[in-house]
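Single-structure report; data block below.
The values are calculated or read from the model by the stated rules, or taken from the named source; none is laboratory data. All of these numbers come straight from a predicted model, not from anything done at the bench. Backbone-built Cβ (ideal geometry, glycine too); neighbour counts: all protein chains shown.
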Amino acid sequence: MEHFNLVATCAGGLETLVSDEIRRCGGVDIEASTGVVSWCGGLEEAYRSCLWSRFSSRIFLEIASFSIKNEEDLYSRSLDVRWYKHLEVTTTFAVNCTISGTSPITHNRYAALKVKDALVDSFRNLTGERPNVKGEKPEVQIHVHIDGARATLFLDLSGESLHRRGYRASGTIAPLKETLGAAIVALSGWPEHKETLIDPMCGSGTLLIEAALMFGDSAPGLSRNYFGFLVWLGHDEQLWQNLIDEAMQREEFGLEKKWPLLIGYDSDPVAVSAARKNIIKAGLEEQIQVKQADLATLAPPTKDGMVLSNLPYGERLSEAGTVAYLYRAFGRVLKRKFPGWRVGAFISNPDLTDSFTLAWDKKDKLFNGSISCRLLSGEVPLDGVAEFVWQLPAYDQKAELGEFGNRLKKNLKNMLKWAGKEKISCFRIYDRDLPDFNLSIDIYAKWVHVQEYAAPKTIDQGVAKARLSEALGTIREVLGIRSNRIFIKKRERQKGAKQYEKKNTKRKMYEVQEGECSFLVNFTDYLDTGLFLDHRPVRKKIFEESRGKRFLNLYGYTGTASVHAAMGGAASTSTVDLSLNYLNWTRTNFVLNGLSEKNNIVIKEDCLQWLKEGDSRFDLIFIDPPTFSNTKKEKRVFDVQRDHKLLLTLAMNRLEKNGLVIFSTNYRRFKLDESLIEMYAIVNISGKTIPYDFSRNKKIHSCWEVRHRA
């Protein structure tokens, strides 16, 4: 039996996988270097590699190898090759070239041209005729590799890249190559465990299909109808057919096995459609399920298994920071719902490895094209998400805390007991209780936000400054907290949009929890943090009311109400605001919760103008407008007292017959237009929406339910 020198090329990081499968195909004398595996074998081993290699890009069979000095030397030595043993004059062909090392030839296209000329001239000298070049899918593909002063001519047995399995009917943006997808599955360890496999961001379904092909013992090349050896004169048709028959028998046996659950999800309906088409073309529609769903809704269908996904890269989203928040959501969902499961995450930015807050057992370095990536593998901890719990210091009972300290200590004891019972991590513990300490103090998980209200002009500024210093020292002592976890702002009466203007540019965000939702807050850059604590009961009501409904959030701010609606099962959410900064914040809050913009859209528009111009309708609408705002560019002025009737009328025109509008304002002198009471069924629910921690300040906001009259 004739033996050949054979070479497989592959993506960086896959050399060991390729070597192992070449060995299983019968190859010997296997040697691996970066992106290349060489070995010796007969025609059967070469064919098996083309049919069964899941990780190789191409398989080459050496035709000739010789030293060269220049382009003419390459031509003359190539002219001596007995090309008539490999193709006929009627056979279409193509030549390509790669060059490595310091070579006398530096232009790969010119080198390929010289070999092409030699092949053509060889036939012209022998028969008087010449074969034709064909750029796409030629019957015989010749590959030239020049390494230094040595040129090697190969027959490309694969003809085209082996990642083209033949099942991809359609793809999404930047689909994962099948060879890399197979490598991700193999390195994750899934094939050995044969357990439930979930891909929560499956795209066009590559990981699931490759996993199914592995489990079912299906040859990845079985669906291909094009190889580079089918018209090659050295081709053994009977041998190839025998290998095809064997592969088909193995595949039929594999389909008869008991299969684990293979489930894919994606928020993009286009991706889901593409995945289903690919799965059908691969003949695996009975083995793989694909559904449209957000990461936020992911739930385990079995007791244990594996979650494996090629997660979105920074190039797919606006900023790398946004990707980090998505990875954080991925890790949080797994810790909450999949304790004990194994997990694999394929990412492009190794710097974001810690974003998941998961411990990784293995980090494989792989390449997706030229992008250096990591496959992170590990196990989800059994103890789930570790929630922060306040551990207060043991007080010295004889220590003098003063009037402010005693009040703060008493408030804290009551509030922590209430917050623990209600499972609330963001709440107010002091609300200007004492005239001499004109502060509000809010806890946001493990951080403390202190707002100092401007002292009356009758109070000496030195006295006010001393009181603040005393208060901050007492806060640190009573809470047992380091100063770097306390943030202080001075709050003055704001006019117009000033309350929404940036005060700083640190851009540091902190993650906090509220019910089922996670939010990013900012303690330094704005007057407000991005989460209005007094609206907690309103957001809870929206969460409970939103299932299956179309939700609209006008003057959406950072989108916290929209996130609650989406997490509560809203069919869709729409968030309208004129501020691009807050809309971007809203988008990030969606990402942080594993929610996509497919069903949760954000709209940069003046709310009144948007209501006038559109015709979309909603089942649940939340309106929390500013007291006063103006826009210099559009010269628009909004006054909640003057304009609320128009605002509510326009909103009611968008409300379905049995729908609900929740209208809120923090303008303390606000009076609802009496004509609205005649037009609609309105109920004042302010008392029900003031939370316990704001009970000292019942005028913090007013709130109404508005419905169409029966």
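Quick notes on this one:
- Only residues that are without any contact (Cβ under 8 Å) to a residue 40 or more places away in the chain and in a helix (DSSP H, G or I) were counted across the stretch 398-418, and they come to 9.
- Restricting attention to the stretch 329-344, the residues that are surrounded by fewer than 23 Cβ atoms within 10 Å (Cβ to Cβ), in a helix (DSSP H, G or I) and not hydrophobic (A, V, I, L, M, F, W, C) total 4.
- Residue within the stretch 360-374 that is under 11 Å from the mean Cα position of the chain (by Cα) and either hydroxyl-bearing (Ser, Thr, Tyr) or over 18 Å from LEU262 (Cβ atoms) (or both) present: no
- Of the helices (runs of 4 or more DSSP H) lying entirely inside the stretch 134-235, not one contains at least 1 residues that are basic (Lys, Arg) and within 22 Å of TYR84 (Cα to Cα).
- The one condition in (1) more than 30 Å from SER572 (Cβ to Cβ); (2) at pLDDT 95 or above that ALA293 fails to fulfil: (1)
- Matching residues in the stretch 449-473 - criterion: being in a helix (DSSP H, G or I) and either under 28 Å from MET509 (Cβ atoms) or of a type outside the set (Val, Ile, Thr) (or both): GLN461, GLY462, ALA464, LYS465, ALA466, ARG467, LEU468, SER469, GLU470, ALA471, LEU472, GLY473
- The residue of the stretch 77-105 that is surrounded by the most Cβ atoms within 10 Å (Cβ to Cβ), among those that are among the hydroxyl-bearing types (Ser, Thr, Tyr) and under 16 Å from THR152 (Cβ atoms), is SER78.
- Number of the exception - VAL37 against (1) under 30 Å from MET248 (Cα atoms); (2) touching a residue at least 60 places away in the same chain (Cβ under 8 Å); (3) not in a loop (DSSP other than H, G, I, E, B): (2)
- Matching residues in the stretch 347-396 - criterion: being of a type in the set (Phe, Trp, Tyr) and either in the same structural domain as LEU408 (by TED's automatic domain parsing) or over 21 Å from VAL333 (Cα atoms) (or both): PHE367, TRP390, TYR395
- The residue pairs whose first member lies in the stretch 464-487 and is among the basic types (Lys, Arg) and modelled with pLDDT of 90 or more, whose second member is surrounded by fewer than 17 Cβ atoms within 10 Å (Cβ to Cβ) and not in a helix (DSSP H, G or I), and whose beta carbons are closer than 9 Å, counting only pairs six or more residues apart or on different chains, are ARG476/ARG482; ARG485/LYS446.
- Pick from the stretch 310-328, criterion surrounded by fewer than 23 Cβ atoms within 10 Å (Cβ to Cβ) and within 20 Å of LEU180 (Cβ to Cβ), ranking: modelled with the highest pLDDT: LEU311
- Filtered residues of the stretch 135-146 (kept if modelled with pLDDT under 95 and of a type outside the set (Gly, Ala, Ser)): GLU136, LYS137
- Looking at VAL89, VAL81, just one residue is in a loop (DSSP other than H, G, I, E, B), among the aliphatic types (A, V, I, L, M) and touching an Asp or Glu at 6+ places or on another chain (Cβ under 8 Å), and that residue is VAL89.
- The stretch 141-166, residues that are under 18 Å from GLY203 (Cβ atoms) and either of a type in the set (Lys, Arg) or surrounded by fewer than 22 Cβ atoms within 10 Å (Cβ to Cβ) (or both): ARG164, ARG165
- Given (1) under 15 Å from ALA471 (Cβ atoms); (2) buried (at least 19 other Cβ atoms within 10 Å of the Cβ), number of the condition LEU401 does not satisfy: (2)
- The number of residues in the stretch 189-220 being touching a strand residue (DSSP E or B) at 6+ places or on another chain (Cβ under 9 Å), surrounded by 24 or more Cβ atoms within 10 Å (Cβ to Cβ) and of a type in the set (A, V, I, L, M) comes to 7.
- Looking at ARG668, ARG709, just one residue is over 19 Å from PRO626 (Cβ atoms), out of contact with any Pro (no Cβ under 6 Å at 6 or more places or on another chain) and surrounded by fewer than 18 Cβ atoms within 10 Å (Cβ to Cβ), and that residue is ARG709.
- In the stretch 131-159, the residues that are over 23 Å from PHE66 (Cα atoms), of a type in the set (Asp, Glu) and in contact with a strand residue (DSSP E or B) (Cβ under 8 Å, 6 or more places away or on another chain): GLU139
- Selection of the stretch 433-463 for residues being charged (D, E, K, R), within 17 Å of ASP528 (Cβ to Cβ) and at pLDDT below 95 yields only GLU452.
- Of the criteria (1) crowded, with 21+ Cβ neighbours inside 10 Å; (2) under 30 Å from ALA293 (Cβ atoms), which one PHE638 fails: (2)
- Odd one out for ALA681, checked against (1) surrounded by 15 or more Cβ atoms within 10 Å (Cβ to Cβ); (2) touching a strand residue (DSSP E or B) at 6+ places or on another chain (Cβ under 9 Å): (1)
- Under the condition of being closer than 30 Å to GLY305 by Cα and either of a type in the set (A, V, I, L, M, F, W, C) or in contact with a His (Cβ under 7 Å, 6 or more places away or on another chain) (or both), the residues counted in the stretch 215-261 number 9.
- LEU531 vs. criteria of a type in the set (A, V, I, L, M), at pLDDT 90 or above and not in a loop (DSSP other than H, G, I, E, B): no
- Within the stretch 588-596, the presence of at least one residue that is among the small types (Gly, Ala, Ser), surrounded by 23 or more Cβ atoms within 10 Å (Cβ to Cβ) and within 22 Å of ALA296 (Cα to Cα) is confirmed.
- Tally of residues being closer than 20 Å to TYR47 by Cβ, touching a helix residue (DSSP H, G or I) at 6+ places or on another chain (Cβ under 7 Å) and not in a loop (DSSP other than H, G, I, E, B) across the stretch 3-34: 7
- Failed condition for ILE263, given (1) within 30 Å of GLU44 (Cβ to Cβ); (2) in contact with a Lys or Arg (Cβ under 9 Å, 6 or more places away or on another chain); (3) in contact (Cβ under 8 Å) with a residue 40 or more places away in the chain: (1)
- Selection status of LYS365, free of Cβ contacts under 8 Å to residues at least 40 places away in the same chain and outside any loop (DSSP other than H, G, I, E, B): no
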